[in-house]
Each structure stands twice: as structure tokens, then as C-alpha cells.
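Reviewing the structure listed below.
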């Protein structure tokens, strides 16, 4: 697997797209294997995928207009970016009301999710109800393809997306069992352990409730 310096070069996206195009065009099994191995060697890594989603997108947009919701998205991004950086993460991209980040350590991803929601909880107390922001976050851990500081792909990314966008409610962080296993997080007895099946995929995960303070997670 390539080191982080190689994967962070500006040409990473161009190289990655070119390799995927070659892989798609190839009809030779041996050549496909060579290209696939190169992709993983150059872009493969292991880490935590963090994906956040803003709650109540449809209802707020319909009731107050899309411009109002875009204002909230802007404020959410301003809150999320420094928290991810402070916890040694990389904010890869934001798409509409979703943010996508990579962390080498699950502990840092969990801590970032708790800090972001704690910060939003504090700011919400100073604002009108219509300006309140709530995030749902999904976190998974495993092998993935990291394309510079722009994007990532892989099963952990897909799973984190399903957790953050489809299953988590506002202020909630859902973390897969395999991500918890790679962390020092100690789940309390009252933390809910759940199993969901989405698109024929079974996901075992923990529900981490929102904290009103950003104290470090238990280790």
C-alpha cells in the first residue's frame, strides 16, 4: 500500500480515474488483476469512514425554503471542518447536506462526531428553533481506497453512508461493531446494540447518543 504522501499528491485523482478506466476497458483477466493490484497498492489503506447527514432536510426546505436550508448547510460545514481537523481527520468533501471524512483511527472519528454534535447543541441554544442544526453520523472501519484528500471508496464508506443517512436520527452517532473493535471506546451498559439489514447487507452497530459536552470518550 502507498504511503500518505503519495496518495495526497494533486495528481491522485487523475491517476486513479485513469486506472479505473483501464480496468473497465480491459477484457483480459490477467491484466485486470494487475491493474486491480496496482490500484490497491497505490491507493489502498485501512481506516475509519465518517459520514454525516443533516436531519430534516426535506421538511425544512419545504417549510422555509431551500435558501434557508443552504444557510444551515453553510454553518454546519463551518462547524464540522475544524473539529475534524482537530481530531486528526481529513475532510474529503461535502455534498449537499452530507460531509465525508477519513480518519486513521476510529477513536478520532468517534470523538469528532461527539464534539461536532456538542458544538451544534451549544450553538442551537442561542438560535431560533428554525436555525437549529442536528447531524446524524455513521462510522465504519476497514480497507478502503483513499484518493488523495478528495474522496474514498470501499465497503466501510458504503456502510457508514447507510448508517449516517438511512438509520441514524438527529444528534446520533452509529458505529459498526467492527469499528468499535478497532477502538478503545468502552460502551456503557445502556448503549444500544442493533442489527440492520439494508440491500441484503447485515450491519451490526452501536447507537452512541449525543453528548452536551465534548469531553473525551472513555478509554
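What follows draws every value from the coordinates through simple rules; no lab data is involved. Worth saying up front: this structure is predicted, and the values here are computed from it rather than measured. Cβ atoms come from the backbone with ideal geometry, glycine included; neighbour counts cover every protein chain shown.
Once the Cα atoms are used to define both axes, helix 12-25 deviates from the longest principal axis of the chain by about 60 degrees.
Kindly identify the chain as rounded, prolate or oblate by the Cα gyration tensor criterion: order the square roots of the eigenvalues as a ≥ b ≥ c, call it rounded if a/c is under 1.5, otherwise compare a/b with b/c, prolate if a/b is larger, else oblate. Let's see the in-between values first.
On the way: a/c = 1.91, a/b = 1.55, b/c = 1.23.
Judged from the Cα gyration tensor, the chain comes out prolate (a/c at least 1.5, a/b above b/c).
Comparing 203, 80, 51 in a Gaussian network model of the chain, where Cα atoms under 10 Å apart are tied by springs, the biggest mean-square fluctuation is seen for 203. Computed extension gain for residue 36 through residue 198, at 0.36 nm per residue and net of the alpha carbon distance, reaches 55.6 nm.
Label sites at residue 21 and residue 74, each approximated as a point 7 angstrom past Cα along Cα to Cβ, lie 3.6 nm apart. Report the Cα centroid-to-centroid distance between the stretch 14-49 and the stretch 82-160 in angstrom, as an integer. That distance is 27 Å. Sequence-distant contacts, meaning Cα pairs under 8 Å at least 6 residues apart, place the relative contact order of the chain at 23 percent.
Extents of the stretch 127-195, taken as max minus min of Cα coordinates on every principal axis and listed largest first, are 41, 35, 21 Å.
Taking other C-beta atoms within 10 angstrom as a stand-in for reagent exposure, 176, 33 fall in the order 33, 176, fewest first.
For the chain, set up a Gaussian network in which alpha carbons nearer than 10 Å are linked by springs, and say which option among 170, 162, 71 fluctuates the most. Ranking 170, 162, 71 by mean-square fluctuation puts 71 first. The C-alpha atoms of the chain define a longest principal axis, and helix 106-124 lies at about 30 degrees to it. Taking only Cα atoms, what is the 0 to 90° angle, nearest 10, from helix 29-43's long axis to the longest principal axis of the chain? Long axis of 29-43 versus the principal axis of the chain: about 50 degrees. Comparing 123, 136, 26 in a Gaussian network model of the chain where C-alpha atoms under 10 Å apart are linked, the largest mean-square fluctuation is found at 26.
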